[in-house]
Structure formats: C-alpha cells, structure tokens
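See below for the structure under consideration.
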Amino acid sequence: MTQHDQGELAKLVHDARKPLNQISMNSELIKLIAEQPGSQQQVIEIANTIIKATKECSELLQTLVEQGNDE
C-alpha cells in the first residue's frame with residue numbers, strides 16, 4: 001500500500017467516524033427522551049437522524065470497497 005493509499009484510507013476512516021459518532025450519541029439521546037411522556041415526535045426525529053447517519057456510513061464503506069477493488 002502506497003503512502004497515497006494510506007492517506008486515502010485514513011481519510012475514509014476519519015469520515016466514517018462522524019456518522020458513527022452521530023449514531024452513538026443519538027442512540028443515547030433516544031433512550032433518555034423515550035422515557036418522557038409525549039416524546040414520540042422527538043424520538044421519530046432522532047431515529048431519522050440515526051437512519052441518515054447509518055446510510056452515510058454505509059456509503060463511505062462502499063467507497064472503501066470500490067477503491068480496494070480498483071487496486
């Protein structure tokens with residue numbers, strides 16, 4: 001693996017951490033909010049954020065796979 005390849009891999013890993021952190025933090029938040037009465041709309045919004053972050057992470061991983069196949 002060249003230095004350029006290592007740099008690209010490091011960038012993709014860094015980019016994947018953002019949605020993973022969003023998923024983790026929003027999962028904790030949803031646990032706290034779900035216990036409150038009348039929190040259904042907030043729970044739905046947070047769940048949508050988690051879904052979006054999951055898709056973003058999946059796309060980044062697909063990019064990583066495709067780059068690995070190009071070599």
### Task
Of the options 29, 68, 47, report the single residue whose Cα projects farthest towards the positive end of the charge dipole of the chain (beta-carbon charges: Lys, Arg +1; Asp, Glu -1).
29
### Query
Per-residue ellipticity at 222 nm for the chain, helices alone: DSSP H runs ≥ 4 residues times -39500 (n - 2.57), over residue total, nearest 500 deg cm²/dmol?
-32000 deg cm²/dmol
### Relative intensity, log₁₀ I(q)/I(0), of the chain from a Debye sum that treats every alpha carbon as a point, q = 0.22 Å⁻¹
-0.88
### Summary
Note: residue 69 to residue 17 extended length (0.36 nm per residue) minus current alpha-carbon separation gives 16.5 nm
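Read-outs throughout are calculated quantities, based only on the coordinates presented, and are distinct from any laboratory measurement. From a predicted model like this one, the values you see are computed outputs, not experimental measurements. All Cβ positions, glycine included, derive from the backbone under ideal geometry; neighbour counts span all protein chains shown.
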